[in-house]
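Shown next, in structure tokens, is the structure this report addresses.
The values are calculated or read from the model by the stated rules, or taken from the named source; none is laboratory data. This one's a predicted model, so the numbers in the text were calculated from it and none came from an experiment. Virtual Cβ from ideal backbone geometry, glycine too; neighbours counted across all protein chains shown. The accessibility values were calculated without ligands, DNA or RNA, using every heavy atom of the protein model including side chains. Shrake-Rupley method; radii C 1.70, N 1.55, O 1.52, S 1.80 Å.
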Amino acid sequence: MSEKQALEDTKPNEDQSVWKADSDNHVKLEGGDAAKPNGDSSEGNGSEGLQATRLYHRRWVIVFLFSLYSLSNSYQWIQYGIISNIFTKFYGVEAFTIDWMSMIYMLTYIPFIFPVTWLLDKKGLRVIALIATALNCAGTWIKVASVRPNLFSVTFLGQFCCSFAQVFILGMPSRIASVWFGSEEVSTACSIGVFGNQLGIAIGFLVPPILVPNVDDMDELAHHIRIMFYITAGVATVLFVLVVFVFQERPKIPPTQAQATARSIPPEQYSYIASIRSLLRNKPFMLLVITYGLNVGCFYAVGTLLNRMIIVHYPGEEVNAGRIGLTIVIAGMVGSLICGVWLDRTKTYKQTTFAVYLLSLVGMIVYAATLSLGHLWVVFITAGVLGFFMTGYLPLGFEFAVELTYPESEGTSSGLLNCSAQVFGIIFTICQGKIIDDYGTLAGNIFLCVFLLIGTIMTALIKSDLRRQNANLQAKAAVSFEASQGCSALFVCLLGI
């Protein structure tokens, strides 16, 4: 499907759609809306720089489809780690080797994110979505062929393909939100995009311990692993087909004045290298890059090592380890959606980011202190509190970054955030794993608490420079000025009569 054909598919019924001003006074139209004419808000009004904007119902299909294929990919990140003791036995490898089945997601991201964001800027969302789902689908089928004790290298290759696909997925929520959604929806849309990633991790914590029980018979164990891999491959294949026929590059008419302005920049004036340099010179954004990496890196470490931490204090509780991970992520999904709606209503980006970061630190301290008490129900509660804030922080970081870096590409800013998270994730996972082996789980979790404290202090130092909001406010001011001019002209005409 060509981009032109795809764009035409979203064209609303012109007989039932009219121009109207939204709450930010940028001009928009949503297919199927009742007629509410506002004659002076069209492009022909003579207002320089004010461009037509429009919302399409299809935007919800796009963001939910993205969430689904993001789910399929993120599920596989923790697929091995949450039952690491079982895969260690099946493939005859060390626990640290199985840890790398999760860390390969982090390591692959670091060198490939920059060429992928360049490709995003050059080719757009649809090409990136097609590559992501194709790689994810290929990786799942490679895993299907790897269910033999002597084929660990094959299953690692399949996991590498899925980790490569993640590079084309992880930073996309803020880009999709900006390209498709109105200024009052971007944070909520970004949260929905992140929601899919979190739900996939939640399923990754829950399903593998159920599908693959810890049995001694290797043939029976291979049978259970094969079933799990076949289910994953089937879902990934369906999602790839859906992306081929449904996923669209962008709406024909932009949703906001900020996006209209970004589209108006000629391609020859855009330089990816210059964009990177501009972001690296942006001090508030670079502080956010470090603090985001510290927070999300701690989450990656906790998720990767959760099975080991739970088994130390609660032997034989592999299934409950998965349920605790599920609790962390489900609570974080709720936190993400609440934070997204809150940001759309209040626009308090720095205040909300700082509050959630501080509460993530508190949650980590409480979790570390209660893990070894011997009561699983307490661990469920404290893990849920930790997840609500630590995982709920993810969309906050994305949206705050877009505000600090507008009009730079959302894919580039998100890519730098995620690159930082992967670097810290690898460091924290390796270091915490060694500390747990040598000194126990409490020392390992205190190690993470120290870095969350550093991140909280640094977050307080970030200057709140909301550039995207300022661009939309300028559009609002332009419309208000135009309206006042029109009223003045009408008043003069009436006086003349």
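Summary table
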quantity: Whole-number accessible area per residue in Å² for the stretch 184-317, which is evaluated in the context of all protein chains at 1.4 Å; calculated: 39 Å²
quantity: Within the accessible area of the stretch 64-121 (1.4 Å probe), percent carbon and sulfur; calculated: 79 percent
quantity: Among 311-320, 205-214, 330-339, the order from most to least packed when residues are scored by Cβ within 10 Å on average; calculated: 330-339, 205-214, 311-320
quantity: Cα gyration tensor, the stretch 287-366 - rounded (a/c under 1.5), prolate or oblate; calculated: prolate
quantity: Among 254-261, 87-94, the order from most to least packed when residues are scored by Cβ within 10 Å on average; calculated: 254-261, 87-94
quantity: Table column - 3J(HN,Hα) (Hz), the stretch 216-221, Karplus curve with 6.51, -1.76, 1.60, x for Gly and Pro; calculated: 8, 6, 5, 5, 5, 4
quantity: Packing rank of 225-233, 438-446, 416-424, where each peptide gets the mean count of other beta carbons within 10 Å, highest leading; calculated: 416-424, 225-233, 438-446
quantity: Whether the stretch 231-312 is rounded, prolate or oblate, judged on the alpha carbon gyration tensor where a/c under 1.5 counts as rounded; calculated: oblate
quantity: Pairwise centroid distance, computed over Cα atoms, of the stretch 203-239 with the stretch 91-117, Å; calculated: 20 Å
quantity: Accessible surface of the stretch 212-331 [probe 1.4 Å, protein heavy atoms]: carbon and sulfur percent; calculated: 63 percent
quantity: Cut-off 18 Å (backbone N to label point 7 Å along Cα→Cβ of Ile110), residues of the stretch 403-431; calculated: 415-431
quantity: Estimated inter-spin distance, Arg263 and Ile457, nm [label 7 Å along Cα→Cβ]; calculated: 4.7 nm
quantity: Size of electric dipole in the stretch 66-225: Cβ of Lys, Arg +1 and of Asp, Glu -1, about Cα centre, debye, nearest 20; calculated: 540 debye
quantity: Cα gyration tensor shape of the stretch 408-457, rounded if a/c is under 1.5, else prolate or oblate by comparing a/b with b/c; calculated: oblate
quantity: Extension gain, His313 back to Val244 (0.36 nm per residue minus Cα-Cα distance, nm); calculated: 20.2 nm
quantity: Cα-based Kirkwood hydrodynamic radius, the stretch 123-251, one decimal, Å; calculated: 16.2 Å
quantity: ³J(HN,Hα), Karplus 6.51/-1.76/1.60, whole Hz, each residue of the stretch 243-260, x for Gly, Pro; calculated: 5, 4, 9, 10, 5, 10, 4, 6, x, 5, 10, x, x, 9, 5, 4, 6, 4
quantity: For the stretch 341-351, Karplus couplings with θ = phi - 60° (6.51, -1.76, 1.60), whole Hz, Gly/Pro x; calculated: 5, 4, 5, 4, 7, 10, 6, 8, 5, 5, 4
